[in-house]
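Engineer: What follows is a structure written as structure tokens; I'll ask about it next.
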Amino acid sequence: MIKEFKEFITKGNVLDLAIAVVMGAAFGKIVSSLVENIITPLIEILLGGVNFSSLSFPVGKAVVQYGQFVQAVIDFLIISFAIFMFMKVANSLIRKKQATEEEVLEAVPASEQYLKEIRDLLQKNAQQDETS
């Protein structure tokens, strides 16, 4: 059982997932800071100092704080957009790298081209010998 557990833990998928969780948490902190410290104050300035998180209304003895919900929705949209832009840039870089790799693979060295021409000439001569 311990051997199986070691194999499970050392598999690439588990390690990749662990790294993704750590990176996601770090990225989440960066985006949260961006939203809380830069974007939200700018939105408040544009809206005349309205702070969404403080918006609420009383219902009997309870207080409905809908501003927290509005702020959470705005945070979600900003975080989603940030992730979208990050993935868009990452996919663009991946496509460029793949295109470069394909170009390298498609580029045939001169020596290989000469060998192909020699092969074709040998095949042509062999066919001529068979017909004569």
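The values are calculated or read from the model by the stated rules, or taken from the named source; none is laboratory data. Worth saying up front: this structure is predicted, and the values here are computed from it rather than measured. Backbone-built Cβ (ideal geometry, glycine too); neighbour counts: all protein chains shown. To get the accessible areas, we keep the full protein, side chains included, count just its heavy atoms, and leave off ligands, DNA and RNA. Shrake-Rupley method; radii C 1.70, N 1.55, O 1.52, S 1.80 Å.
Engineer: How do the pairs read when you match residues in the stretch 42-62 that are open to solvent by 70 Å² or more (accessible area, probe 1.4 Å) and at pLDDT 85 or above with residues anywhere that are among the small types (Gly, Ala, Ser) and not in a loop (DSSP other than H, G, I, E, B), using Cβ under 8 Å and keeping only pairs 6 or more apart or on different chains?
Structural biologist: Pairs that qualify, where the first residue is open to solvent by 70 Å² or more (accessible area, probe 1.4 Å) and at pLDDT 85 or above and the partner is among the small types (Gly, Ala, Ser) and not in a loop (DSSP other than H, G, I, E, B): there are none.
Engineer: So, one more: Check whether at least one residue in the stretch 89-103 is touching a helix residue (DSSP H, G or I) at 6+ places or on another chain (Cβ under 8 Å) and either open to solvent by 90 Å² or more (accessible area, probe 1.4 Å) or not in a helix (DSSP H, G or I) (or both), and report yes or no.
Structural biologist: Among the residues of the stretch 89-103, not one is touching a helix residue (DSSP H, G or I) at 6+ places or on another chain (Cβ under 8 Å) and either open to solvent by 90 Å² or more (accessible area, probe 1.4 Å) or not in a helix (DSSP H, G or I) (or both), which makes the answer no.
Engineer: Six or more apart or on different chains, Cβ under 7 Å: which pairs go from a residue in the stretch 4-29 that's at pLDDT below 80 to one that's open to solvent by 100 Å² or more (accessible area, probe 1.4 Å) and not basic (Lys, Arg)? Could you list them?
Structural biologist: Close Cβ pairs satisfying both conditions: 14/8.
Engineer: Determine whether residue 39 is open to solvent by less than 50 Å² (accessible area, probe 1.4 Å) and either in a helix (DSSP H, G or I) or touching a residue at least 24 places away in the same chain (Cβ under 8 Å) (or both).
Structural biologist: Considered against the rule, which asks whether it is open to solvent by less than 50 Å² (accessible area, probe 1.4 Å) and either in a helix (DSSP H, G or I) or touching a residue at least 24 places away in the same chain (Cβ under 8 Å) (or both), residue 39 comes out as yes.
Engineer: State whether the residues of the stretch 67-87 include one that is open to solvent by less than 50 Å² (accessible area, probe 1.4 Å), under 14 Å from residue 31 (Cα atoms), of a type in the set (Ser, Thr, Tyr) and assigned to a helix (DSSP H, G or I).
Structural biologist: For the stretch 67-87, residues open to solvent by less than 50 Å² (accessible area, probe 1.4 Å), under 14 Å from residue 31 (Cα atoms), of a type in the set (Ser, Thr, Tyr) and assigned to a helix (DSSP H, G or I): present.
Engineer: I'm told residue 26 meets every condition in (1) under 16 Å from the mean Cα position of the chain (by Cα); (2) farther than 19 Å from residue 86 by Cα except one. Can you identify the failing condition by its number?
Structural biologist: Single failed check for residue 26: (2).
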